[in-house]
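Below is one structure; the comments refer to it alone.
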Amino acid sequence: MENLLTRLRQVNPLRWQLGLIALAVLLPLPLGNYYRSVLWRTGLYIMLGLSLNIIVGYAGLFQLGHAAFYALGAYTAALLNLYLDVPLLLTLPASIIVAALFGYLITRPILHLQGDYLCIVTIAFGEVVRLVLVNNLFGITGGANGLSGIDRPALFGLDWRQPIYHYYLMLIFLVITIFIVQRLEHSRLGRAWMYVREDEVAAEAMGVDTTRVKLLAFVLGSGWAGLVGALYAGKITVISPDMSKFMESVIMFCIVVLGGTGSIPGIFVGTLGMITLPELFRPLKAWRDAWLGFAMVTMMILRPEGLWPSRRVRLEMRGAKEVSLPTPAMDD
């Protein structure tokens, strides 16, 4: 496994990135609508995993309420579309802002918490959001039945009832997401997140504003989850409070941890195992919760850093003696 990852890292980044984009563009063309929908769902969860990776993988903060921001983005888009007749694509900025705002409001008072305590608060927030939606806040959220009749995106006069158009819309935002996350990872802010993750006390002693850095991680990750929620609402046209249930947050968390904390390729691998394979093998879907638990236990014993972790995380988990670091052409 390590030899395979080493060889992959030595490939020129531009080559494999262009190759993956070309594959993603051509892959749905020979497939039926069901498999196109599976690819669309996979892309959404990759974006959700990347948004959560900012919080968990880069900043090292426990977040088990991420589905709440996903649901807030979807409900924002649905409410603006249904009650104010705003075209769905124009609701995307509002979904990002609302989810990011709630990310700020919930995390600003609790940033002094660490580890399990922070995790518990995020779980509680997710449940609060779900219960508020179930109880039909101000009579506009539809209660347990949710909201239906949401308009599909309209652009260039295309028939957006076809899954392939939603797939390509998702793909555009996925490429943008990967580009932004890569830039963040190698930016000054990204390095500050790494310092906070590895040793918050040392980072603060070196002049890093740890409160601001952690808050930015939550705000950016939450806002991007809101965007994904709006894209979901545009295709499905029906949303419900189940979007924010705890198991959804657990699946997103497992995508990050099983795939490889702090690693963009790891998110792809984690999503393939947690979302794509259960969809392709329908009989296994009923056993997904059992598979999830088995996978978590196995990975924590055999490979606690994940299937495709970043080099920094692998060094932290296994130590410098167990990790050979060639001169790579790319940084995952």
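Six or more apart or on different chains, Cβ under 6 Å: which pairs go from a residue in the stretch 15-43 that's touching a residue at least 60 places away in the same chain (Cβ under 8 Å) and surrounded by 12 or more Cβ atoms within 10 Å (Cβ to Cβ) to one that's among the hydrophobic types (A, V, I, L, M, F, W, C) and assigned to a helix (DSSP H, G or I)? Could you list them?
Note: pairs meeting the criteria are 24/171; 28/39; 28/164; 36/164; 40/170; 42/275; 43/170; 43/174.
Could you tell me which of the residues 229, 143 is of a type outside the set (Ser, Thr, Tyr), surrounded by fewer than 19 Cβ atoms within 10 Å (Cβ to Cβ) and either over 30 Å from residue 26 (Cα atoms) or in contact (Cβ under 8 Å) with a residue 24 or more places away in the chain (or both)?
Numbers: 229 fails: surrounded by fewer than 19 Cβ atoms within 10 Å (Cβ to Cβ).
After applying the criteria, what remains is 143.
Checking residue 314 against (1) at pLDDT 75 or above; (2) crowded, with 22+ Cβ neighbours inside 10 Å; (3) farther than 22 Å from residue 132 by Cα, which single condition isn't satisfied?
So the condition that residue 314 fails would be (1).
Can you confirm whether residue 122 is in a helix (DSSP H, G or I), over 20 Å from residue 211 (Cβ atoms) and of a type outside the set (A, V, I, L, M)? Spell out the reasoning first.
Values: in a helix (DSSP H, G or I): yes; over 20 Å from residue 211 (Cβ atoms): no; of a type outside the set (A, V, I, L, M): yes.
Here the answer is no, as residue 122 does not meet what is asked.
Within the stretch 255-263, is there a residue that is at negative phi, assigned to a helix (DSSP H, G or I) and modelled with pLDDT of 90 or more? Before you say what the answer is, go through the steps one by one.
Our first condition is that a residue be at negative phi; within the stretch 255-263, this holds for 255-259, 261, 263.
Going one step further and asking which of them are assigned to a helix (DSSP H, G or I), we end up with 255-259.
Cutting the leftovers down to modelled with pLDDT of 90 or more gives us 255-256.
Within the stretch 255-263, one or more residues are at negative phi, assigned to a helix (DSSP H, G or I) and modelled with pLDDT of 90 or more.
Being within 13 Å of the chain's Cα centre (by Cα) and either β-branched (Val, Ile, Thr) or more than 23 Å from residue 57 (Cα to Cα) (or both) is the filter here; which residues of the stretch 233-258 pass it?
Once the filter is applied, which keeps residues that are within 13 Å of the chain's Cα centre (by Cα) and either β-branched (Val, Ile, Thr) or more than 23 Å from residue 57 (Cα to Cα) (or both), the stretch 233-258 yields 250, 251, 255, 256, 257.
Which of (1) within 20 Å of residue 176 (Cα to Cα); (2) surrounded by fewer than 24 Cβ atoms within 10 Å (Cβ to Cβ); (3) out of contact with any His (no Cβ under 7 Å at 6 or more places or on another chain) is the odd one out, the single condition residue 282 does not satisfy?
The number of the failed condition is (1).
Conditions first: (1) modelled with pLDDT of 90 or more; (2) more than 30 Å from residue 55 (Cα to Cα); (3) among the aromatic types (Phe, Trp, Tyr). Residue 167 passes all but one, so which condition is the exception?
Residue 167 satisfies all of (1) modelled with pLDDT of 90 or more; (2) more than 30 Å from residue 55 (Cα to Cα); (3) among the aromatic types (Phe, Trp, Tyr) except (2).
Please indicate, with yes or no, whether at least one residue in the stretch 212-228 is of a type in the set (A, V, I, L, M, F, W, C) and touching a strand residue (DSSP E or B) at 6+ places or on another chain (Cβ under 9 Å).
no
Could you tell me which residue of the stretch 192-212 is modelled with the highest pLDDT, considering only residues that are out of contact with any Phe, Trp or Tyr (no Cβ under 6 Å at 6 or more places or on another chain) and surrounded by 15 or more Cβ atoms within 10 Å (Cβ to Cβ)?
Of the residues in the stretch 192-212, the ones out of contact with any Phe, Trp or Tyr (no Cβ under 6 Å at 6 or more places or on another chain) are 192, 194-202, 204-207, 209-212.
Now narrow it down to the ones that are surrounded by 15 or more Cβ atoms within 10 Å (Cβ to Cβ): 192, 194-197, 200, 204, 210.
Working: 192: 93, 194: 89, 195: 89, 196: 90, 197: 88, 200: 87, 204: 89, 210: 90.
Out of the qualifying residues, it is 192.
Scan the stretch 198-217 and tell me whether some residue there is closer than 30 Å to residue 166 by Cβ, touching a residue at least 40 places away in the same chain (Cβ under 8 Å) and in a helix (DSSP H, G or I).
So far as the stretch 198-217 goes, yes, one or more of its residues are closer than 30 Å to residue 166 by Cβ, touching a residue at least 40 places away in the same chain (Cβ under 8 Å) and in a helix (DSSP H, G or I).
Within the group 113, 105, 137, 101, which residue is modelled with pLDDT of 95 or more and closer than 21 Å to residue 249 by Cβ?
101
Part of a helix (DSSP H, G or I), of a type in the set (Gly, Ala, Ser), in contact (Cβ under 8 Å) with a residue 12 or more places away in the chain and more than 22 Å from residue 77 (Cβ to Cβ): is that true of residue 100 in this structure?
When the stated conditions are applied, residue 100 does not pass them.
For the stretch 106-131, give me the residue count where each residue is buried (at least 17 other Cβ atoms within 10 Å of the Cβ), out of contact with any helix residue (DSSP H, G or I) (no Cβ under 7 Å at 6 or more places or on another chain) and free of Cβ contacts under 8 Å to residues at least 60 places away in the same chain.
Here the count works out to 1.
Scan the helices (runs of 4 or more DSSP H) fully inside the stretch 1-88 and keep the ones with 3 or more residues being modelled with pLDDT of 90 or more.
Answer list for the stretch 1-88: 33-53, 66-84.
The values are calculated or read from the model by the stated rules, or taken from the named source; none is laboratory data. Computed from a predicted model, the values in this text were never measured in an experiment. Glycine also receives a Cβ, built like all others from the backbone with ideal geometry; neighbour counts cover every protein chain displayed.
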